[in-house]
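Bear in mind these aren't lab numbers, they're just calculated from the coordinates by the rules spelled out. The model shown is predicted, which means the values in this text are computed figures rather than measured ones. Because the Cβ atoms are built from the backbone with ideal geometry, glycine has one as well, and the counts that use them run over all protein chains shown.
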Amino acid sequence: MKKLLCIFIIIIAFVSCKEDPLPKPKAYLRLDYPEPEYIEVNNLCNYSFEMNKIAQISNSRFKDSCWFDVKYSKMKGTIYLTYQPVNNDIDSLLRDTQNITQEHIRKADEIVEQVFQDDKNKVFGMFYEVGGNAASQSQFYLTDSVNHFLSGAVYFFSKPNYDSIYPASEYLKNDIRHLMESVRWKNLDSLN
């Protein structure tokens, strides 16, 4: 009996000498994305642009339109591009695009506006960086003020949680900036 009691005490001593478990701190996954490589998208529409090679393009929203979805399936995000010709309604197009951006103000911490201007290629516009838990973290529009109007926005297929989607949002924000810088209106010489 003494031997059994000694063995029991030794087992309890070994088991009880372990350190107390500590909860692990909350953390997010480390997401690394490849260095972007851009390819030209030259379609039947009145504009061309460059997009990241890791994305896929489709115009499934309206088959015969110049509206495109640039899908990043691994990030579960899409840049929605909407093209409209300007028919003496530039003020209306600008107002509609700005109103869509302002709709995010309820959930956004801030909206930073950055003017875009490419005099050489007659591409002018605005880039909106939306901070916080808004549905879209980046939006933009581009125009030549006379014939062309292109707008775009990023949306993720997840609940808006700024901290969780921040790495993907930053990556796509840089892709949008490149897209904006690479837009070229077709038949620009005949428009002047």
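Descriptive notes on the structure:
- By the Stokes-Einstein formula, at 1.306 mPa s and 10 °C, the stretch 95-179 with its Kirkwood radius over alpha-carbon pairs has D equal to 119 µm²/s.
- Charged side chains reduced to their Cβ positions (Lys and Arg at +1, Asp and Glu at -1) give the stretch 96-151 a dipole of some 100 debye around its Cα centre.
- Dipole of the stretch 37-191 [Lys/Arg +1, Asp/Glu -1 at C-beta], most positive-end residue of G77, Y162, F127: G77
- When +1 charges are put on Lys and Arg Cβ atoms and -1 charges on Asp and Glu Cβ atoms, the dipole computed for the stretch 67-137 relative to its Cα centre reaches about 380 debye.
- Kirkwood analysis of the Cα pair distances in the stretch 37-191 returns a hydrodynamic radius of 15.8 Å.
- Each Lys and Arg adds +1 at its Cβ and each Asp and Glu adds -1 at its Cβ; summed about the Cα centre, the stretch 37-191 shows a dipole of about 540 debye.
- Among 88-95, 32-39, 118-125, 72-79, sorting by the average number of other beta carbon atoms lying within 10 angstrom of each residue, highest first, gives 72-79, 118-125, 88-95, 32-39.
- Packing rank of 127-138, 47-58, where each peptide gets the mean count of other beta carbons within 10 Å, highest leading: 127-138, 47-58
- Over 30 Å apart at the Cα level, from the set K71/K186; K53/K159; K159/K186; K122/K173, are K159/K186.
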